[in-house]
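See structure below.
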Amino acid sequence: MMRTAINYLVSGLCILATVLVILPLIAILFYLIYKGASSLNFAFFTRIPAPVGESGGGMANSIVGSGIILFLASLMGIPIGIAAGVYLAEFGRGKALATAVRFTADVLNGVPSIVMGIAIYSLIVMQQKHFSALAGGVALAIMMVPTITRTTEEMLATVPHAIREAALGLGVPKWRTAISVSLRTASPGIITGCMLAFARVAGETAPLLFTAFGNQFWSFKLSEPIAALPLQIYVYAISPYDEWHRLAWAGSLVLIVLIMVSVTLVRIFANRGALKGGS
Amino acid sequence: MSSTRMTPERESRSPLPVPSPLPNAPAASSTDAASGADASLSPIRDFLSKRGSGRLADNSFAAVMLLCACSIFAIVIFIFGILVVHSRLSLMQFGWKFFTRQAWDPVSGDFGALPFIYGTIATSLLALCMAVPLALGVAVFLTELCPRPLRAPISFLTELLAAIPSVVYGLWAVFVLVPLMRDVIGPFLYKTLGWTGFFEGPNFGVGLLTASMILAIMILPIISSLTRDIMNAVPNSQREAVLALGATRWEMIRIGVLRNSRIGIVGAVMLGLGRALGETMAVTMVIGNHPDISKSLFAPGYTLASVIANEFSEATGDLYLSALIEIGLALFLVTIVVNAIARLMVWAVTRNAPARVN
């Protein structure tokens, strides 16, 4: 009897824990929609921030700025990440060096983003003597690399050897096998990995604090401080003005929707694109 | 995984190479003979040789891939190097004492990191205390108890928690959790547990406890999803064996699942700890940002990451800046060590020994 009672008790506790975990998520999403949706309007997407005391204004420059920084980061991070993954899966099988790279990538993944921020600050901003969009892009690119490397490697590992051997047997050189056969077969999974890494850095604020720095006005130059959506949300959230709080909620809603849409798309994409008939 | 899969494949392939040299050999010799004279004999070969099938192309491709892989080492070494170089002023001035001194006085140039270390450790450990039981509960529920149709949506929801950016957690905490803490949870804790001395002093809503709560919410999905993977790696025969001995379901989970995956669970918890140590934005927004060491969890505090986030861009003077960079260096080294240990533990369970019997 006692044992059955404990069994039910623990089962109940587990269900309770799950409910307790889902609860904050629902609370966060509820507040985002409740507070954010009421502040979203056309001006939010087309105007730059209004000065203190004036109502209205939007975050158009932040959205564009985030886009520019993320594009830069993807441009640098994705090729390096995929190439490193290709090395791990195609050339480094069983080598000690590959294990070391894998391990370092996992460890690098856990390094706090703010440390990346000050490292890039010391490297680029201190040399250039001013904050820049380029520095922000580099900081985010460094954060993307380990995630992409590991997912690329895992996805390439699911490609059956028979396919590679078929290509090699036809006399296709190894580099071409890696690009046209292995990478192409694993591409749905690799795209998933890239989008997950993208979604992860899209919401990062800490590495941008001392690199992209933020900007209240339009800026398209890579060598100038640039606005970014998470940065702007941070600035507005800790400000004392109600109008800015309202914009912070709206900005968060936009950011979350962007991230969730990409994560959900990835889910659908990954499930449908999963290797059919792979071993 | 793949290396174990290789062996049966190689075995099954072994009859294949026997016939294959026969058609292959004449093909190879014909291209050797007709390499220059008769290219039309084998248009595929010709096409391939034009597309760079040579030792040079292969080797240079491998070298580029190797270079990119090594860039990951380079990143880690570069971060370490640049942090050391830029914190040398503070390293030389304060030495090891930097980490045991309480002073934080930018005006007179007197710096010590102890309050930040205290704040970081206190919030991270408190967050772990809150998150670990919940995460384990979720993982057990999802792997062992949950009805199958509910499993995917619930695990998707817990993973969504991981996708929410830090700054959005911070925003939510500032406007929802802080008032809740100030008006409901705080007074309740004071009334029931005030005698312990942990819940004393004025309660503004911001402080160590609020920061720990938001941290707990943030590290939960990492711990629970890794724990779930680890529990899934326990073979079903273990569960069946324990059930066959007449165990209840909980006893099966305790003896058959949790005991087999304990190293991995500790690893997952340490990964959560690594994340908690370095979490910046949400903590900065709700911890109160005051370099004090206080027993009360209502008191405002400061963490290593949040002092960097708050003061770095307004740091005047080289010593101030290098003290902040030294804090970053400490954070970097600590998270690297914690993550390395955690990864080794998780690897030990999910890679090599999926079916170890205790």
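Other residues within the sphere of radius under 11 Å centred on the Cβ of A:A212, judged by their own Cβ, net out at -2 (K and R +1, D and E -1).
Paramagnetic label reach from A:H161 (point 7 Å along Cα→Cβ; backbone nitrogen cut-off under 20 Å): within the range A:66-91, residues A:86-91. Computed from the C-beta positions of B:V84 and A:M2, the FRET efficiency with R₀ = 45 Å rounds to 0.15.
Local charge for A:E153 was computed over the other residues whose Cβ lies under 12 Å away, with Lys and Arg +1 and Asp and Glu -1, and equals 0. Here the relative contact order of chain A, from alpha carbon pairs under 8 Å that lie six or more residues apart, stands at 26 percent.
A Förster radius of 60 Å combined with the Cβ-Cβ distance from A:Q128 to B:R148 puts the calculated FRET efficiency at roughly 0.60.
Put the Cα centre of the range A:76-117 next to the Cα centre of the range B:272-308 and the gap is 30 Å. Over all Cα atoms in the range A:108-261, the spread is summed up by Rg and Dmax: 20.1, 68 Å. Per the Kirkwood definition applied to all pairs of different Cα atoms, how many angstroms is the hydrodynamic radius of chain A? One over the average 1/r among Cα pairs gives 21.3 Å for chain A. Working from Cα pairs under 8 Å separated by at least six residues, relative contact order for the range A:47-187 is 30 percent.
Where a number appears in this text, it was derived from the coordinates with a stated rule and is not lab data. These numbers come from a predicted model, not from an experiment. Glycine also receives a Cβ, built like all others from the backbone with ideal geometry; neighbour counts cover every protein chain displayed.
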